[in-house]
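The values are calculated or read from the model by the stated rules, or taken from the named source; none is laboratory data. What you see is a predicted model, and the numbers here were worked out from it, not measured in a lab. Cβ sites come from the backbone with ideal geometry, for glycine too, and all protein chains shown count toward neighbours.
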Amino acid sequence: MNPLLELTQVGIEFSTAKGSFRALQNVDLKINKGEYISLIGHSGCGKSTVLNIVAGLLQATEGGVVLKGKEVNEPGPERAVVFQNHSLLPWLSAYENVELAVKQVFRGKKSKAEMKAWIEHNLELVHMTHAMHKRPDEISGGMKQRVGIARALAMEPQVLLMDEPFGALDALTRAHLQDSLMDIQKELNNTVIMITHDVDEAVLLSDRIVMMTNGPAATIGEILDIDLERPRNRLQLADDPRYNHYRHQVLSFLYEKQRKTDDSQTAAQSSAPAEQTTIKENNETRAINTPAGQADVHGPEQEKLNTLKTA
């Protein structure tokens, strides 16, 4: 089967005050239709850079990206982006924010009645029909992000790009949105690339987890296949040894194979474009984001792993 999206030998350099900075090197990745891919790694490993290259917001210095046989060299509606900040226009209602994207993509292709039905359908997917006429300042942070997801889905993208979409939300809201996203994925069979710093979120949602090496000149270190049946239920996965095995594999990569010392982290941050990241693995988020919905402690070594943080 031919991949839907293919990254081949992707590398990129940025000009800085101290000279050239190589952010990525030799990134190779093939993604099939309907796959859910998570990118995870320490600060400065180029996760957002990879996503921006796929989105067409950055041009690779070497290599390239091909989507359905066509080279990606500019933004397009076939690649919709959901950012951590919902980016809604504050003077428009939820309905009007989605409508803006729909008109941009489907003007001349759908009638007014068809566009109205399509907008309402996508708001229904994210359970926002009850608040469709409210402005962003009248709804919660989680509801704003639901509208942002509806707006992206309404463009009927071939690939949905998500840059830590739940990172600014509280743990309970994050868990609800994870469940909603799994329901949408089941119904629409979207192809998704998501950046996350939450190990449990990556295991719960993904078909494959792409683990990036430390920058500069970051690349793909390992790819972990997640062989857990769908639909996935966080409670049922609580005692699943496979789930805990996958989680341990990611933690092992981040904290053993790619352990980032304070000195190397400071050096990378001084030369690289700013990227603020945090591995979400403290007890507060763990209590909600594990499938069990409860904190787990397995001795001093596990507790050490559970306090993952990078500046």
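In segment 36-92, what residues are in the same structural domain as Arg151 (by TED's automatic domain parsing), at pLDDT 95 or above and aromatic (Phe, Trp, Tyr)?
Trp91
Of all residues in segment 231-252, which are outside any helix (DSSP H, G or I) and either within 21 Å of His176 (Cβ to Cβ) or not assigned by TED's automatic domain parsing to the domain that holds Leu172 (or both)? Even if it seems obvious, please write down each step before you answer.
Residues of segment 231-252 outside any helix (DSSP H, G or I): 231-240.
Result: Pro231, Arg232, Asn233, Arg234, Leu235, Gln236, Leu237, Ala238.
Are any of the residues in segment 203-210 acidic (Asp, Glu), in contact with a helix residue (DSSP H, G or I) (Cβ under 9 Å, 6 or more places away or on another chain) and not in a helix (DSSP H, G or I)? Give the steps one after another, and end with the answer.
Pass one, segment 203-210, residues acidic (Asp, Glu): 207.
Going one step further and asking which of them are in contact with a helix residue (DSSP H, G or I) (Cβ under 9 Å, 6 or more places away or on another chain), we end up with none.
So far as segment 203-210 goes, no, none of its residues is acidic (Asp, Glu), in contact with a helix residue (DSSP H, G or I) (Cβ under 9 Å, 6 or more places away or on another chain) and not in a helix (DSSP H, G or I).
Take the residues of segment 93-110 that are assigned to a loop (DSSP other than H, G, I, E, B) and at pLDDT below 95: which is farthest from Pro157 (Cα to Cα)?
Going through the qualifying residues, I end up with Gly108.
Take the conditions among the basic types (Lys, Arg) and within 20 Å of Cys45 (Cα to Cα) and apply them to Arg208. Does it pass? Spell out the reasoning first.
Numbers: among the basic types (Lys, Arg): yes; within 20 Å of Cys45 (Cα to Cα): yes.
Considered against the rule, which asks whether it is among the basic types (Lys, Arg) and within 20 Å of Cys45 (Cα to Cα), Arg208 comes out as yes.
Please verify whether segment 25-34 includes one or more residues that are part of a loop (DSSP other than H, G, I, E, B), farther than 14 Å from Ile220 by Cβ and either of a type in the set (A, V, I, L, M, F, W, C) or touching a Gly at 6+ places or on another chain (Cβ under 9 Å) (or both).
Here is the first cut: in segment 25-34, the residues part of a loop (DSSP other than H, G, I, E, B) are 32-34.
Those left that are additionally farther than 14 Å from Ile220 by Cβ: 32-34.
Checking which are either of a type in the set (A, V, I, L, M, F, W, C) or touching a Gly at 6+ places or on another chain (Cβ under 9 Å) (or both) leaves us with none.
Among the residues of segment 25-34, not one is part of a loop (DSSP other than H, G, I, E, B), farther than 14 Å from Ile220 by Cβ and either of a type in the set (A, V, I, L, M, F, W, C) or touching a Gly at 6+ places or on another chain (Cβ under 9 Å) (or both), which makes the answer no.
Pull up segment 125-167, narrow it to residues that are assigned to a loop (DSSP other than H, G, I, E, B) and under 13 Å from the mean Cα position of the chain (by Cα), then point me to the one that is modelled with the lowest pLDDT. I'd like the intermediate steps shown before the answer.
We begin by selecting, within segment 125-167, every residue assigned to a loop (DSSP other than H, G, I, E, B); these are 126-128, 132-135, 139-140, 155-158, 164-167.
Pick out the ones that are also under 13 Å from the mean Cα position of the chain (by Cα) and you get 164-167.
On the way: Glu164: 91, Pro165: 89, Phe166: 88, Gly167: 85.
Across segment 125-167, the extreme among qualifying residues is Gly167.
Asn52 is checked against (1) surrounded by 15 or more Cβ atoms within 10 Å (Cβ to Cβ); (2) not in a helix (DSSP H, G or I) and fails just one. What number does that condition carry?
(2)
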